[in-house]
Amino acid sequence: MTLVAGIDSSTQTCKVTVRDLATGVPVREGKASHPPQTVVDPEAWWDALLTAVRRAGGLDDVAALSVSGQQHTPIFLGPDGEVVCDSPLWNDTGSHPHMVALNDELGRDEWIRRTGLPLTLSDTVTKLRWLRDERPDSARRTAAVAIVHDWLTWRLMGFGPGNADLDELVTDRSEASGTGYWSGETGEYCPDLVEHALGHGAHLPRILKPLERAGVTGPGIPGVPEGIPVGVGSGDNAAAALALGLAEGDAVLSLGTSGVVYARSARPVHDYAGYVCSYADATGDHLPIVATLNAARNLDLGAALLGCTHAELSELALQAPPGADGLTLLPYFEGERTPDLPRARGSLLEASLSNFTRPNFARAVVEGTLASQVAMLDALRACDVRPGRLILIGGAAQSPAIRQILTQMVELPVAVPDLDEYVTKGAAMQAASALTGAFPDWPVEMIDLPSAPLEARIARQHEAGKAAMGYQEGASAGR
Amino acid sequence: MLPTVTVDIGTTSVKLCLFSAEGEPLDSARHPTPTLKDEWGDVYDLGALTGVVLRYVQDLEPGLRATVKRLAITGVGESGGLVREDLSLASPMILWHDHRGADHIASLSEAGRRRVYEVTGLPVNANYGLSKAAWAVEHADGAADGAQWLNVAEYLAAWMTGRRWSEPSLASRTMALDLRRGAWSAEVCGLVGLDTSLFPELRPASEGSTISPGFATDAGLAPDVRVHVAGHDHMVGAVGAGTGRGELLNSTGTTEGLLFLRAAPSLDVDAEKSKLANGLACAGEDFTLFASIPTGGAAFAALQGMLGLTADRLAACIDQLHERYLLGQIDLTRIPLVLPQFRGSPPPTKHASARGVISGIGTDTSMEDIVFGCFAGMVLQFRDVLELFPVDAKAVKVIGPASRNELWLQLKADLLGAPLSVSHFPEVVSRGAQALASQARLDWEACRPREVPADDRRADDLNQWAAEMRPQWDSLKSVAG
């Protein structure tokens, strides 16, 4: 049996899955946690990768590997390949003023025109400005900027401090498309935007084509055999889309740490309304995406406040009627990106003695979480990206309440694929392509959820709640 | 005083006590207030209510029962129903917060509303009995001839005595009473098409009526026992607490009441805008100036229900929070801002449809943070309402269940920057009813009060937090209605 490994260095953990090249079936896996902070020493991600490799039983029998990772998050490298300072994660809200500054300086629409991105605090270019303003010494020492998967790929190829060939830094279109200094039209970087944000130019990873090989693994890496092919890798959403076999007309709702809605598109989009980010996918197409900061962790908070398990939270939610008797949750617990409300916090509205019950609260948590996601489908439609099917993935997709209530909130058919680590699976497909020159044809089993009548009151309640709290969408985007 | 059985009909429970001549409770019981839902809203289950009262008296130890000289009844204001001379009902007995009669006063002009306030001392609102009475007459379909409007406490008295009368403090919550004349107002009744004959004679708390022979037999009481309608519960509490002019009586039940006794009513435009309610005191010549916060102790029920806590666990949580608060271990910056309007808003808006809001919830917000925020919100709301009164409180007397909630009390004292005097005696309202039925006076010392002092440092911190939260607080109030 030939084996390939897919690695997902996500926000919270690093996962390594070893799969059978012929079928894609997982053979074994390992996981290691990442630090919970939002500004992190990147060495923690390398250490976690090595730990996850060890927990996966090592990769000595693996023929190829590839890395996927959290998008946007930069690693600032000095001329000798050293990390010059800790990295602000994509979800670190400390860079909000820097996003505002960049928008003020060039104009919000100019960023959209050139990069397809309504600039958010998550984008790499915003983090460059953060570095310039908040860590000026580190900014001066920064010679190269890589994204997490780029840097981990580089390390796996044996590069790093002491062997710092920055020219060997590579990336892919999907990762480049989340930086805020790449054009979907030309497929090239916009170096002037890097210079504008950082105050000087920086070396950027070479952008590989979808089926290119990044290189081969380097020597002396614990658990990783030397000389096996390393795939091009990608951002996490692009990897999942690849693994799901996303076709035009399909949209994905991913409920993980963040909530993400994306669809495959043959062309880049420019959403001057300010919601849709025009990313690229791992096949050569585009992957317009809308994202929220708050998603699956809303359920953690709901369960913690109710003192129950996730299964009980789901059961409670399904005991309540649609609309939770009016109880309405706006789940901006960590601030929010879509809509742009970095300083907002969660709000529970319309609480009364009669509706302030455990089932209603549980339902309000689920409805609030989903209302934010469903609103993002409208943003895609506004860009003429019109999904005909919704694929629900992510940790929260296993919740019966999430599944059932989602079908009451959208008029699309909803399908849930078999439980799998789709990001690591996509990475493993890239590893396979590095070995064979083509993506493998691994099957994906989907369950079609029973359709339900649309409960329009849920969306109405949330729109009314947002209006009442002064959170009208678009009112503050990019400011 | 005279040995008395008291009946206190609250929003959530009916409290029954037997008091000795010395004013000490010898026996007590508490039952959920029996209510039903009808086609229009919430009404009393009078069969169940009278059953609860009758069984309580019947079940008293015979030796104690034989000592009883008085039955004194108090309860929530603003409830009521139409009762015929034979004591049959011509309408349901409607709960205080039921707004089924709202349409009858909705079309009142600004001038009409102003006039109602000038005459009755009450801001036009469907809580008060007048609109309910108009609804009841309309729905009696001609079968209300001879029926009269009685509050639920007055109904119980009629059931015991066979006689219908209205007590002045309860009458002053109907919005049909000419406050200064102490008589039913033909002018105001006429605004909703009613005649003053719908309302019974007024009889002060000091004047009772002998129980009917049938009730005496059923209850096992001596035939000379007299029944007194002591009055509106918050006003009866003022008697129980020996409240004087200039003192704030803060009575805490399911709702929270703020009450001042005054030599004259406040009928000016400012008082009307603030929706402060004037009324008649249960004893003496004083007027009352009153505001009710609809969600007082009801917040406990809301928190308990939502968080799935038993009463004991919630109480333990509150005790721990109190301890941490005293030790300076509460980080106010992480406390969610809670607008605890779980059953409508207090003055100056008094919107029955207003709802509660919890804002500022982060991923690290805990159940304890929400509980603390709820009590902090309750004291912010209390201060907002207190600031509406044209009176500086020279003392704050606290009675009711909050007197056992150290966190609530301490937050209130610290936010006001003034000490609270808190009753240790638990049944101040019921003993006030006994005093009224006995024509006796009580003083505050009989409640064995203790002081909850404000702490300067905590007061500064809490007021600074409140000041920082002010814009958001005001915004939430506008959001919630």
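Every number in this text was worked out from the coordinates using simple rules, so none of it is lab data. Given the structure is predicted, the values throughout are model-derived calculations rather than measurements. Glycine gets a Cβ as well: all are built from the backbone with ideal geometry, and neighbour counts include every protein chain shown.
Taking the Cβ-Cβ separation of B:His351 and B:Arg383 as r and a Förster radius of 22 Å, what is the calculated FRET efficiency to the nearest 0.05? The computed FRET efficiency comes out at 0.70. Can you work out the base-10 log of I(q)/I(0) for the protein assembly as shown at q = 0.05, 0.06, 0.08, 0.10 1/Å, using the Debye formula on its C-alpha atoms alone? These q points yield log10 I(q)/I(0) values of -0.40, -0.55, -0.81, -1.04. Shown is the FRET efficiency for A:Asp104 and B:Ala48, computed with R0 = 56 Å from the Cβ-Cβ distance and rounded to the nearest 0.05: 0.25.
The stretch between B:Ser197 and B:Ser366 holds 55.1 nm of extra length on full extension. This uses 0.36 nm per residue minus the Cα-Cα distance.
A cut-off of 5 Å between modelled amide H atoms, ignoring neighbours fewer than 5 places along the same chain, links A:Cys190 with A:Trp182, A:Ser183.
What FRET efficiency would be calculated for the residue pair B:Asp460, B:Glu138, taking the C-beta separation as r and a Förster radius of 56 Å, to the nearest 0.05?
Calculated transfer efficiency: 0.50.
Summing charges over all other residues whose Cβ lies under 15 Å from the Cβ of A:Glu134, with Lys and Arg as +1 and Asp and Glu as -1, gives +2.
Across all directions, the average projected area of the convex hull around the alpha carbons of region B:330-456 is 9.9 nm².
Candidate membrane-span-like segments in chain B, meaning DSSP H helices with Cα atoms spread over at least 20 Å of their own axis and a Kyte-Doolittle mean of -1.0 or above, are B:311-326, B:367-386, with no membrane implied. When B:Phe425, B:Phe290 are arranged by Cβ crowding within 10 Å, least crowded first, meaning fewest neighbours, the order is B:Phe425, B:Phe290. Neighbours of A:Ala452, meaning other residues whose beta-carbon lies under 13 angstrom from its beta-carbon, give a summed charge of -2 when Lys and Arg score +1 and Asp and Glu score -1.
Candidate cross-link partners of B:Lys273 among the aspartates and glutamates, defined by an alpha-carbon separation under 15 Å and a same-chain spacing of 8 or more, comprise B:Glu110, B:Glu118, B:Asp384, B:Glu387. According to the Cα-based calculation, Rg over Rh for chain B is 0.96, with Rh computed by the Kirkwood formula.
Between A:Glu248 and A:Asp192, the distance separating the two model label sites (each 7 Å from Cα on the Cα→Cβ line) works out to 3.3 nm.
Please give the charge dipole size of the protein assembly as shown, origin at the Cα centre, charges +1 on K and R Cβ atoms and -1 on D and E Cβ atoms. Round to the nearest 20 debye. Walk me through the numbers on the way to the answer.
Numbers: 80 positive and 118 negative charges, 341 e Å.
With only Lys, Arg, Asp and Glu charged at Cβ, the dipole is about 1640 debye.
So for chain A, what percent of the C-alpha to C-alpha distances run longer than 40 Å? Let's see the in-between values first.
Numbers: 18832 of 114481 pairs.
Within chain A, distances greater than 40 Å cover 16 percent of Cα pairs.
Taken along the Cα-to-beta-carbon direction at a fixed 7 Å, the label points for B:Ala418 and A:Asp41 span 5.7 nm. Its Cα gyration tensor gives region B:317-377 an equivalent ellipsoid; the semi-axes, largest first and in whole Å, are 25, 13, 9. Summary value for chain A: 17 percent relative contact order, contacts being C-alpha pairs under 8 angstrom separated by 6+ residues.
Would you work out if region A:147-233 is rounded, prolate or oblate? Take a ≥ b ≥ c from the square roots of the eigenvalues of the alpha-carbon gyration tensor; rounded if a/c is under 1.5, else prolate when a/b is larger than b/c, oblate otherwise.
oblate
Relative to the current alpha-carbon distance between B:Ala311 and B:Ala21, full extension at 0.36 nm per residue lengthens the span by 101.0 nm. In terms of other Cβ atoms within 10 Å, B:Thr363, B:Thr243, B:Thr120 run from fewest to most in the order B:Thr363, B:Thr243, B:Thr120.
Among A:Met446, A:Met157, A:Met429, the order by Cβ neighbours within 10 angstrom, fewest to most, reads A:Met446, A:Met157, A:Met429. Shape call for region A:229-347 from the C-alpha gyration tensor, a ≥ b ≥ c root eigenvalues: rounded (a/c under 1.5), prolate (a/b greater than b/c) or oblate? It comes out prolate by the Cα gyration axes.
Between A:Glu315 and A:Asp133, what length comes free when the chain is fully extended (0.36 nm per residue of separation minus the Cα-Cα distance, one decimal in nm)?
Length gained, A:Glu315 through A:Asp133: 60.7 nm.
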